[in-house]
Structure formats: structure tokens, C-alpha cells
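Remarks on the structure that follows.
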């Protein structure tokens, strides 16, 4: 099997890099990380939500180059179909793709108001109304999935693409002390306890480069 590489940017700030990295880890595909410095102009624009498209993370494997997290997820599902990135049934796969697509293209208010910052801790943070609407929609998705598929992961007993897509949201809820009901809190704790996420967070804490615009003070 050809050696795969995954280009990522800041582990502290880049939710898209985290999604791509988790998807690749969930798939079981061995890969080498290629870290793009936050000083890179294009990477910085993406982190600050100023880029027209998201080109990091980028997976290269067997001469194929894939960027965009949904495209990476679908490619990984093709080459590692037994990894469980998508659920077993057609109906569940459709549902999974829909909630992943919603995460991928929506929730702009949440992204801008609560930027990912794993080293940040903002108790008493006031969430403005548009971001609250995004939070309410996300928790509704979680409730629907957990109730329909029985948990503990969004689509049942095995983590999948959707859990990778929503994991960075969980870190945002932790950084900004967003209160959750019991069911969502249990899911958030499950996500935070994943060894892969703990590994990522530990690495993020050693990053020395800060992005002033994302280091919010309250």
C-alpha cells in the first residue's frame, strides 16, 4: 500500500484539520502528517475564515490528492469500506451524509463566534443569539441520532464519519463552557475521552505559534 500523507495546519485552531485527521485515523489508513505552518498565508486565511475554500487538510495516497473533509471521508470509505466510516444500512448512510453535510456547510455563526481554540478557556462566555441557534440545531441533531440509533455514538455502537465531523464542536463547547443537557453531555464526554482526540489536544498544547485574532480575551 502506498504511503499516505495528510497535510494539516494548526492543531490548536484548525477544526478542519482535526476532522480530516480523525477521519483518517478512524479509517485505519497509515499516514504521515505534514504540518503547514500557521504563518503560511493561505493556511492563515483559512483559519480566520477568510478563504473562499478550505484546502487543508489534504490527503495524498497512491498518486491521488484529495482535499475537503467530506471528499476525504468518502475517499477513505471507498478504500477502507470495513472501517465503518459510514453506517451499514442505506437509510443510516443517507442520514449520516446529511448531518455531515450540514456540519460541513452550515453553522457559520457558531464558527465565527466560538472559534476553535483548544488552549483557550472562557468561563462566563456570552453566546449571542445566532450562535445559540446553531448550538440548538446541533444538539437537536445529536438527540435525534442518539435516540434513533441507540448510541453511544451518533450512529450506534461504532463511531463513524459523523462523530469525526462533530468532534471539533465538542471542543468548542468545552472551551466556551456551553451548558449541555444530560444526553448531550454524555456524548460530549465520550468524544473528549477518545484516545485520538486526547493525542491531538496534547500536541496542540505544545504549539508555540499563536494567532492573535483567535486568542480571544473576555
Treat the count of other C-beta atoms within 10 Å as a stand-in for reagent exposure and order 13, 75 from fewest to most.
75, 13
Protection proxy ranking, peptides 76-84, 158-166, 4-12, average beta carbon neighbours within 10 Å, highest first:
158-166, 4-12, 76-84
For labels at residue 202 and residue 82 in the simple 7 Å Cα→Cβ model, what's the distance in nm?
2.9 nm
Rank by packing, highest mean first: peptides 143-156, 183-196, with packing defined as the count of other Cβ atoms within 10 Å averaged across residues.
143-156, 183-196
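How would you rank 67, 21, going from fewest to most other Cβ atoms within 10 Å of each one's own Cβ?
In order of increasing Cβ crowding within 10 Å: 67, 21.
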Put in order of increasing Cβ neighbours within 10 Å, starting from the fewest, 173, 125, 206 give 206, 125, 173
Cα centroid distance between segment 64-139 and segment 169-185, in Å?
15 Å
(1) 18.3; (2) 18.8; (3) 17.6: which one is Kirkwood radius over Cα pairs in Å as calculated from this entry?
(3)
Over the chain, with a Gaussian network built from C-alpha contacts below 10 Å, which listed residue (37, 175, 14) shows the highest mean-square fluctuation?
37
DSSP beta bridges in the chain [antiparallel fraction, %, rounded to 5]:
60 percent
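Where a number appears in this text, it was derived from the coordinates with a stated rule and is not lab data. Bear in mind that the values here come from a model prediction, so they are computed numbers and not experimental data. Ideal geometry is used to build each Cβ from the backbone, glycine not excepted, and the neighbour counts take in all protein chains shown.
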